[in-house]
Amino acid sequence: MPEYHHIVLASHGTPGAQAAERAALALLASGARLSQLVVVPDLWKGMMGDDWLNNASTRDAFGRHVERQLEREIAEQVARVRAQAGERGLRYESRIELGKPADCLIEFAAGLGPDLVVIGSPRSRGVRGIRSRMDLETLVRVLAVPLLIAPYPR
């Protein structure tokens with residue numbers, strides 16, 4: 001199995017993303033670099049609840065609650081991957097972006113020039129969760145480095 005010296009990992013903590021994390025960690029040589037990108041899909045920008053948010057202060061309080069919850073979850077995910085990278089003697093960095101996942105990943109990878117980009121595969125139909133899918137057509141058409149899609153865990 002080849003060993004890579006720099007991998008960009010798109011991961012956000014779901015089971016499919018964790019499969020991508022395991023694949024990326026297994027492929028990196030000791031002392032190599034792991035660059036993790038966590039994308040908060042832009043669909044969150046408009047997530048302000050339903051009709052019960054009928055005044056500005058309630059909407060603002062709910063928006064701050066959602067942002068704090070996302071920040072906590074992302075901090076936990078980043079800390080978990082950072083610890084795993086450290087255990088393997090890897091150099092680790094992370095970046096958090098708000099936007100369209102494929103566009104953010106293409107821009108992040110273009111700025112770093114990794115050997116490989118690793119993502120998880122989409123979850124199967126019927127598996128619960130937000131349907132924020134990576135636009136694979138755009139990704140494979142525009143990405144300038146090899147792409148590995150880790151299989152969804154069974």
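So which strands (runs of 3 or more DSSP E) stay within region 67-154 end to end and still have 3 or more residues that are surrounded by 15 or more Cβ atoms within 10 Å (Cβ to Cβ) and within 12 Å of the chain's Cα centre (by Cα)?
The strands (runs of 3 or more DSSP E) meeting that bar are 91-99, 116-120.
Look at region 1-37 and say how many of its residues are of a type in the set (Lys, Arg) and within 11 Å of Pro114 (Cβ to Cβ). Talk me through it step by step, then tell me what you get.
Our first condition is that a residue be of a type in the set (Lys, Arg); within region 1-37, this holds for 22, 33.
Pick out the ones that are also within 11 Å of Pro114 (Cβ to Cβ) and you get 33.
Selection size over region 1-37: 1.
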Might you check whether a residue that is more than 16 Å from Ile7 (Cα to Cα), at pLDDT below 95 and out of contact with any Phe, Trp or Tyr (no Cβ under 6 Å at 6 or more places or on another chain) occurs anywhere in region 113-122? yes
Count of region 137-148 residues which are under 24 Å from Pro15 (Cβ atoms) and free of Cβ contacts under 8 Å to residues at least 60 places away in the same chain: 7
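The values are calculated or read from the model by the stated rules, or taken from the named source; none is laboratory data. All figures in this text were calculated on a predicted structure; none of them were measured in a lab. Reconstructed Cβ throughout: ideal geometry from the backbone, glycine too, with neighbour counts over all protein chains shown.
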